[in-house]
Amino acid sequence: MRVLVGTRKGAFVLTSDASRENWEVSGPHFAGWEVYHMKGSAADPARIYASQTSGWFGQIIQRSDDGGKTWFQPGTPPGEPTQTPEGMPKGESNKFVYDTSEETGAPLLTHQFYDGKPVPWVFKRVWHLEPSPDDPDTVYAGVEDAALFRTTDGGRTWRELAGLRGHGTGSQWQPGAGGMCLHTIILDPEERGRIYVAISAAGAFRTDDGGETWRPINRGLRSQYIPDPEAEVGHCVHHIARHPSRPEVLYMQKHWDVMRSDDGGESWREVSGDLPTDFGFCIDVHAHEPETIYVVPIKSDSEHYPLDGKLRVYRSRTGGGEWEALTDGLPQENCYVNVLRDAMSVDTHDPCGVYFGTTGGQVYASRDGGDRWEAIVRDLPAVLSVEAQALP
């Protein structure tokens, strides 16, 4: 069992046997750098990709071919140094260049800023990496400013799937409070051309032809803080999750509201039900029970910590609407951490394991689908992402 943890100050690899009782911690890798996301390849479990970023030095894609023991920058040509003569990291090892060619059909140069004025698209960082389920060299990257890139050579080169930004509404997109990031990528296991993405604060989008053409899938979303609450785009989607056995059923944690779609995003309905607050960032689905979903409610969009200082995961066994608080092993007083959008994951063991990391540096795990929790590591830097992977 392996859990990959990205933090504000480096990456950590947690490993255990199938019992998931005792954990070894390796790290920090890339110490001092923000690691927004790490994910292993299902096609080659020894292959891991990591997004290493810094406001000073830029963005680097790191790759490991031995399960995280050693790392290299696949975008740096062989023999070329990875540091400047002064010893500083070279952030240009991986180029993410927006496609503005006429061949894409819509060379898009600007989007809207917070005040509605047009500003240029500027690449800042990679928020999410999604390896192909059957090719270890193919990976999708969601970036800020929001765009989708793909590599087919193991991270050496990246090409934008420009049909997303250029489909017609890209010039209207505006950043959310954390930036205009493409943070969710879902590859359909059956319809291989179908990809779902989510953008803060533009909404959810779908392609059925491998990324050539896209359309918004936000019907049923309502956001009171935008000029048109039911607009085609402009909704701040925090995360989307789906069970592989039911690819048409999607669950969404929005900036207020937990939502569900039963038709591949064509329409959405609210399933917040009896949650104490429906604001949060993360959402995930049980590995073997496609109607069992998990969220971590946060007090509000201005107070990013658990209601009443009690850290509670909420579980619905009915696909939303009816929720139960899971508290066994979690702090129930004076707890004011947050759980970010990519900081929850499930494994495929039976019983299903559920994992989440906090901005206080704890990674909690449940070996029984959420009934009981324990901290498998404490005192890390603030956790940005958690990915669990059962190993062969």
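Odds and ends about this structure:
- Extreme residue, positive dipole direction of the range 45-158, given options Val126, Ser54, Tyr114 (C-beta unit charges): Ser54
- Gain in span if fully extended, Phe57 to Ser26, counting 0.36 nm per residue against the direct Cα distance: 8.8 nm
- Spin-label proximity, Arg215 to the range 234-277 - amide N less than 13 Å from point 7 Å beyond Cα toward beta carbon: 264-267
- Computed label-point distance, nm, for sites Asp274 and Ser101 using a 7 Å Cα→Cβ extension: 5.7 nm
- Across the range 120-134, coupling constants 3J(HN,Hα) worked out from phi with the 6.51/-1.76/1.60 Karplus curve, θ = phi - 60°, read x, 6, 10, 6, 10, 6, 9, 8, 8, 10, 10, x, 4, x, 10 Hz, and Gly and Pro carry x.
- Near Gly273, once Lys and Arg are set to +1 and Asp and Glu to -1 for all other residues with Cβ below 14 Å from its Cβ, the sum equals -3.
- Surface accessible to a 1.4 Å probe, per residue, for the residues of the range 1-55, Å²: 35 Å²
- Overall form of the range 1-111: prolate. Here a/c, set by the Cα gyration tensor axes a ≥ b ≥ c, is 1.5 or more, and a/b is the larger of a/b and b/c.
- Rounded if a/c under 1.5, otherwise prolate or oblate - the range 285-392, Cα gyration tensor axes: oblate
- Here the dipole of the range 103-149 is about 360 debye; that uses its Cα centre as origin and unit charges on the Cβ of Lys and Arg (positive) and Asp and Glu (negative).
- With 0.36 nm allotted per residue and the present C-alpha distance subtracted, the Thr70-Arg372 stretch has 105.3 nm of extension available.
- Using equal-weight Cα scatterers in the Debye expression, the normalised intensity of the range 136-210 in log10 at q = 0.16 Å⁻¹ is -0.57.
- Rounded to the nearest 20, the size of the Cβ-charge dipole of the range 248-390 about its Cα centre is 420 debye, with Lys and Arg at +1 and Asp and Glu at -1.
- With a threshold of 24 Å on the Cα-Cα distance, the over-threshold entries among Lys9/Lys117; Lys9/Lys90; Lys9/Lys299; Lys39/Lys310 are Lys9/Lys117; Lys9/Lys299; Lys39/Lys310.
- About the Cα centre, charge dipole magnitude for the range 4-107 (Lys/Arg +1, Asp/Glu -1 at Cβ), debye: 300 debye
- ³J(HN,Hα), Karplus 6.51/-1.76/1.60, whole Hz, each residue of the range 331-343, x for Gly, Pro: x, 10, 7, 6, 10, 10, 9, 10, 10, 7, 4, 9, 9
- Peptide packing: for 219-228, 143-152, 168-177, 36-45, the average count of neighbouring Cβ atoms within 10 Å per residue gives the ranking 143-152, 36-45, 168-177, 219-228, highest mean first.
- Proximal lysines relative to Lys95, as straight alpha-carbon distance under 18 Å, when same-chain residues fewer than 8 apart are discounted: Lys124
The values are calculated or read from the model by the stated rules, or taken from the named source; none is laboratory data. Here the structure is a predicted model, which means the values were calculated and not measured. Backbone-built Cβ (ideal geometry, glycine too); neighbour counts: all protein chains shown. Side chains are part of the model used for accessible areas, which takes the heavy atoms of the whole protein and leaves out ligands, DNA and RNA. Shrake-Rupley method; radii C 1.70, N 1.55, O 1.52, S 1.80 Å.
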